[in-house]
Amino acid sequence: MKLIKVEEIEFFYIFPEDDLIKEETILINNLVIPESQNCFNRRMGGYASKQLIETLQNGTDTRLAIFKVNARLATIPLKKEYDAYQTHCLFWTNKDINLKELDQKIKDDSYTDEDFRSAVIAHVQYAFCRHCRNKYIALVCDKEIYMSMYIPKHIPLSDNYYKKIDMIKTIRCPNCNEFIGLFVLRFFDKVEDGN
Ligand SMILES: [Zn+2]
């Protein structure tokens, strides 16, 4: 794991050989946040199987990253601001990227913003198709991720998001080929069959 800063966002880059659970635990245990608010730390394990985590952590177009988020946005009654961590997936829309080379560049501190220009931040979630009623585990990009991120004040809150969303080729339901209303980057296992 290494703390890096690209496109003005600071985050922890997870290498293919890292132990994700260990790294998440170290970060979360060092936080001083109200006990009952632990739910705002979004670990990867709650949504993805061990096998899926390994696939995303070492994919040809995916890596994992732990982002610091401003939890105040999610807790209006709580006046106090505090940090939380969320593990998400970086997905490169440019398939020419060589992530093994990028891993090395990050270790050598020779990476640039350009290496991440085509990378979007996405999370693993359930995706339900209202047309055929199948339910899948999917990799999805959404506004919520970009809205809660620590992004410097001079950058309009959603600038980043709109730029990224334009690069996405939204894929359709693998069963009925309809759009399902989410920016789905990849479908994984079917968890419920609508038929
Ligand atoms: Zn469908």
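Every number here is computed from the coordinates shown, using simple stated rules; none is lab data. These numbers were taken from a predicted model, which means no experiment stands behind them. Quick reminder, even Gly has a Cβ in these numbers, built from the backbone with ideal geometry, and neighbours come from all protein chains shown.
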#### Entry: Model label zone, residue 176; criterion: amide N under 17 Å from point 7 Å along Cα-to-beta-carbon; scope segment 116-136
127-136
### Task
Would you mind getting me the FRET efficiency between residue 55 and residue 126? Use the beta-carbon distance for r and R0 = 22 Å, nearest 0.05.
0.80
### Query
Do any of 2/169; 22/143; 100/169; 135/169; 50/164 go past 26 Å between their Cα atoms, and which?
2/169; 22/143; 50/164
### Query
If each of residue 190 and residue 30 carries a label point 7 Å out from its Cα toward its Cβ, how far apart are those two points in nm?
4.4 nm
### Query
How many nm is it between the label spots at residue 19 and residue 113, if each spot is 7 Å from the Cα in line with the beta carbon?
3.7 nm
